[in-house]
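Colleague: Can you read through this structure? Questions will come right after.
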Amino acid sequence: MKRRKIAIAAGFCCSFFLGTLLNLLFIPGFDHHQQQQQQQHRFEGPEQDHLSIAPSTYFNRVTDQDLLKQLRERYQEVVRYRQQPGSTAAAGRFARPLERRLMDLAQNSSPDQLQPQHQPQPQRHPGFQKNRSLTALGESTFASSSPVRFHSLPLGCPDINNASSVHYLGSGYTKAVYKAVLNETLAVALKSVDFGGHDMENCVKQYGALEDCYRLASYKLVKEMTLLQRLQHSNILKLYGYCYQDSNDIADTLTTITELGSPLEMIQLLQTSWEERFRICLSLIRLLHYLAHSPLGSVTLLDFRPRQFVIVDGELKVTDLDDASVSDTPCSSNSDCFMEFPARNFTLICSLEGRCQNMNEKRNLYNAYRFFFTYLLPHSAPSSLRSLLDTVVNATGDLRWGIDETLTQLEEVLYLFKSGLYLQNVTRSQTSEYKQLANVAVLDENYRCWPSYHHEGCLLSVYDLNEAKEICDNHSQCHAFVLTNQTTWTGRHLVFFKTSSNHIVPAAEKITFVKVAN
């Protein structure tokens, strides 16, 4: 019995070790230098290589009919998204066959096609090296500090092979995600197929074909790349580039290079200020409004969980699009337009064209309600805005509003908050008298309040000086406050509220207000 337990434990350890080793081996950047030289040589002459294996030739090699069917379906899905009508600039980037270069960003498009007219040309960052594999795009420039959405010099294999500070971030059913620093300046996320993930393990176990199973899984990554290119919005993660490299016995394993964001932690969000939580909800509804009216049609996020989003500079961005869908649900009656959720169900209208009306939009909207709005919108909001926010939450929870009306109402909330109009209907009490001290601040003397921008003190945003005085009067601990020169994303000033003014120190561009004793 003891030997049996030892053998089982050894088996588990061996499986864990092999899975970890496979992940490391298949992440570009860990390959041999010789492979890097071969890859650079391949990209120097892409026209000679990208047609070497046509999709039909590859599919003919697959023997299992069920696996072949799945491969064809995913391949055709990618083709459908790439060929679907969209903007001229985007459509011009998708012309080559898929099997060897499924997503070649180095099409013969001019930089003018890729650069939006309303954005200025960025300046070249001194730490960025020209990618030899993608020089067909020309000598355009790229700012690593604030990359633009259509930057015309994508990153590629040479950049990944010279990456530093590579760290594993996490994985899902299909993909593994790593953080890396490219060119010693730009922090990015690297996505690749997780060989130890659920999809790969189940496929290999069922079909025993490692390379074919990899192709099946990699089509989800290619689909995501396609959608990241076709769907251009400030709340969709930016695609910086990609790399195909040979790894062990599999040719052309794919890694995508995307913008790096912070994971969305709902518990942490609940502890932040209402202003920041409202920003997340507004970012989300702006994203969903775009998806409802995208160039590809109405897009639904079938896997709508907080883990599919990240935060970049305070803005919410969707990072996972491999489970997105543009397909309309066919119907012959309203009963075919049934949407089921854990808490409640909905039946939508079947149109005369035989399609469920606005199903993609409504599914996104209700998921926004149950995962985000109910937790983030109403709590600790300004009292004069709560009625409007409650209406938004209830209307989305009942699906009485569409995405257009929901966005209009949240933009109205933003306008009232930024303009200070939300304070007009608030009855203000008589404030205490305060003595003003310019260019000084109060050191320490902190107390905690909730929600606060600072976990060790009471740091809040205010519209004007009168609001700051009223807050201090309403806090029994407050006897002074410091008006800083910092502002939030809405332009409101940040104010530190203090228990006393015993430790005053010089501080440029700050003003301290001390409560005058009666």
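Colleague: Against the condition under 15 Å from the mean Cα position of the chain (by Cα) and of a type in the set (Lys, Arg), how does residue 305 come out, does it pass?
Modeller: Against the criterion (under 15 Å from the mean Cα position of the chain (by Cα) and of a type in the set (Lys, Arg)), residue 305 qualifies.
Colleague: Just for the stretch 232-249: of the residues that are over 20 Å from the mean Cα position of the chain (by Cα) and surrounded by fewer than 17 Cβ atoms within 10 Å (Cβ to Cβ), which one is modelled with the highest pLDDT?
Modeller: It comes out as 246.
Colleague: If you check residue 214 against the conditions, is it among the aromatic types (Phe, Trp, Tyr), in contact with a Ser or Thr (Cβ under 9 Å, 6 or more places away or on another chain) and closer than 13 Å to residue 175 by Cα?
Modeller: The answer is yes for residue 214.
Colleague: Name the residues in the stretch 62-90 that are open to solvent by less than 70 Å² (accessible area, probe 1.4 Å), at pLDDT below 75 and assigned to a helix (DSSP H, G or I), would you?
Modeller: Once the filter is applied, which keeps residues that are open to solvent by less than 70 Å² (accessible area, probe 1.4 Å), at pLDDT below 75 and assigned to a helix (DSSP H, G or I), the stretch 62-90 yields 89, 90.
Colleague: Out of all the residues in the stretch 270-282, is one or more without any contact (Cβ under 8 Å) to a residue 40 or more places away in the chain and of a type in the set (A, V, I, L, M, F, W, C)?
Modeller: No: the stretch 270-282 contains no residue that is without any contact (Cβ under 8 Å) to a residue 40 or more places away in the chain and of a type in the set (A, V, I, L, M, F, W, C).
Colleague: Specify the residue that is most open to solvent (accessible area, probe 1.4 Å); the eligible residues are those in the stretch 181-205 that are part of a helix (DSSP H, G or I) and in contact (Cβ under 8 Å) with a residue 12 or more places away in the chain.
Modeller: Selected residue: 198.
Colleague: In the stretch 406-421, what residues are open to solvent by 70 Å² or more (accessible area, probe 1.4 Å) and under 27 Å from residue 343 (Cβ atoms)?
Modeller: Result: 408, single match.
Colleague: Could you pull out the residue among 264, 270 that is surrounded by 16 or more Cβ atoms within 10 Å (Cβ to Cβ), farther than 30 Å from residue 212 by Cβ and modelled with pLDDT under 95?
Modeller: One residue alone meets the criteria, 264.
Colleague: Quick check on my filter: what residues within the stretch 315-329 are in a strand (DSSP E or B) and either of a type in the set (Gly, Ala, Ser) or touching an Asp or Glu at 6+ places or on another chain (Cβ under 6 Å) (or both)?
Modeller: Passing the criteria: 324, 325.
Colleague: Taking the condition of being of a type in the set (A, V, I, L, M) and buried (at least 21 other Cβ atoms within 10 Å of the Cβ), how many residues in the stretch 206-222 meet it?
Modeller: Final tally of qualifying residues: 4.
Colleague: Among the residues of the stretch 303-322, are any touching a helix residue (DSSP H, G or I) at 6+ places or on another chain (Cβ under 8 Å), basic (Lys, Arg), more than 22 Å from residue 172 (Cα to Cα) and crowded, with 21+ Cβ neighbours inside 10 Å?
Modeller: Looking through the stretch 303-322, none of the residues is touching a helix residue (DSSP H, G or I) at 6+ places or on another chain (Cβ under 8 Å), basic (Lys, Arg), more than 22 Å from residue 172 (Cα to Cα) and crowded, with 21+ Cβ neighbours inside 10 Å.
Colleague: Quick one: would you say residue 402 is within 30 Å of residue 490 (Cα to Cα), out of contact with any Cys (no Cβ under 6 Å at 6 or more places or on another chain) and either of a type outside the set (S, T, N, Q) or modelled with pLDDT of 95 or more (or both)?
Modeller: yes
Colleague: Oh, and also: Could you say whether any residue in the stretch 330-337 is part of a helix (DSSP H, G or I), over 20 Å from residue 282 (Cβ atoms), open to solvent by 30 Å² or more (accessible area, probe 1.4 Å) and not charged (D, E, K, R)?
Modeller: yes
Colleague: Also, I was wondering about something else. Only one residue in 364, 394, 358 is free of Cβ contacts under 8 Å to residues at least 12 places away in the same chain and not hydroxyl-bearing (Ser, Thr, Tyr), so which one is that?
Modeller: 394 is the lone residue from the list that is free of Cβ contacts under 8 Å to residues at least 12 places away in the same chain and not hydroxyl-bearing (Ser, Thr, Tyr).
Colleague: Scan (1) free of Cβ contacts under 8 Å to residues at least 12 places away in the same chain; (2) farther than 21 Å from residue 274 by Cα for the single condition residue 479 breaks and write down its number.
Modeller: The failed condition is (1).
Colleague: Shifting gears a bit: Taking the condition of being touching a strand residue (DSSP E or B) at 6+ places or on another chain (Cβ under 8 Å) and either within 21 Å of residue 159 (Cα to Cα) or free of Cβ contacts under 8 Å to residues at least 12 places away in the same chain (or both), how many residues in the stretch 230-269 meet it?
Modeller: Matching residues across the stretch 230-269 total 21.
Colleague: Moving on to the next point. Please work out if residue 410 is over 24 Å from residue 509 (Cβ atoms), hydrophobic (A, V, I, L, M, F, W, C) and at pLDDT 95 or above.
Modeller: Yes: the conditions hold for residue 410.
Colleague: Tell me, yes or no, whether the stretch 455-468 has at least one residue that is over 11 Å from residue 497 (Cα atoms), acidic (Asp, Glu) and either open to solvent by less than 20 Å² (accessible area, probe 1.4 Å) or at pLDDT 90 or above (or both).
Modeller: yes
Colleague: If I ask for residues that are open to solvent by less than 40 Å² (accessible area, probe 1.4 Å) and more than 21 Å from residue 252 (Cα to Cα), which ones from the stretch 163-180 would you list?
Modeller: Those that are open to solvent by less than 40 Å² (accessible area, probe 1.4 Å) and more than 21 Å from residue 252 (Cα to Cα): 170, 172.
Colleague: Quick one: in the stretch 483-513, which of the residues that are open to solvent by 50 Å² or more (accessible area, probe 1.4 Å) and among the charged types (D, E, K, R) is modelled with the highest pLDDT?
Modeller: Result: 510.
The values are calculated or read from the model by the stated rules, or taken from the named source; none is laboratory data. This is a predicted model, so every value here is computed, not measured. Methodologically, a virtual Cβ is constructed for each residue, glycine included, from the backbone with ideal geometry; neighbour enumeration extends over all protein chains shown. Keep in mind that these areas ignore ligands, DNA and RNA; they rest on the heavy atoms of the full protein, side chains included. Shrake-Rupley method; radii C 1.70, N 1.55, O 1.52, S 1.80 Å.
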